[in-house]
Amino acid sequence: GGVDTVAVPGGAAAVTAEERELEMTVRQGLEEGRDHAVRLLEGAMGKLEEQREQIRRLECQILQHRTDKAAQAGEIEELKKQRENLKSDVATDTNQVAALRADVRERDREVAGMKSALEVAQRTEA
């Protein structure tokens, strides 16, 4: 007593069609999954590119601020030099004013002395 095989009309063809349908369903699921993954990837790459662009913009801003800061530092240094030069000029001019004052006082004494001498001479003449 072996196993009796009963030939089912169209049996093999039916199984093949069922397998084909299952295979197509699986393939469709895989393709949809892949398409979804591709969309996610494209979205992630887009976001990444935006972030990289933001980084580039921030780096440009940082560079600009550094440039501005350097320029300001240069301007500040220039202003400090001008201030030091003016302080030096003030010191020089202060000394010059003191010297001129002394000169004027000396001339005042000379003039006073001459007046005295003239007055004495006039009195003597009189």
Reachable lysines from Lys80, Cα under 20 Å, same-chain residues fewer than 8 places away excluded?
Lys69
How would His36, His65 rank on accessible area, largest to smallest, probe 1.4 Å?
His65, His36
Just to be sure I understand: if I project the alpha-carbon convex hull of the chain onto a plane and average over all orientations, what area do I get in nm²?
16.6
Could you give the nm distance between label points at Glu59 and Arg83, where each point is 7 Å from its Cα heading toward the beta carbon?
3.7
In whole Å, how far is the Cα centre of segment 95-125 from that of segment 35-65?
88
Explain nothing, just the number: dipole magnitude of the chain about its Cα centre with +1 on each Lys and Arg Cβ and -1 on each Asp and Glu Cβ, in debye rounded to the nearest 20.
1200
With only helices counted (DSSP H, runs n ≥ 4, each -39500 (n - 2.57)), the per-residue ellipticity at 222 nm for the chain, to the nearest 500, works out to -35000 deg cm²/dmol
Report the net charge of residues surrounding Arg57, where surrounding means a beta-carbon distance below 13 angstrom and charges are Lys +1, Arg +1, Asp -1, Glu -1.
-2
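The values are calculated or read from the model by the stated rules, or taken from the named source; none is laboratory data. The shown structure was predicted, so the numbers you read here are calculated from the model rather than taken from an experiment. Every residue, glycine as well, gets a Cβ built from its backbone with ideal geometry; the counts of neighbours run over all protein chains shown. Just so you know, the surface numbers come from the protein's heavy atoms only, side chains and all, with ligands and any DNA or RNA stripped out. Shrake-Rupley method; radii C 1.70, N 1.55, O 1.52, S 1.80 Å.
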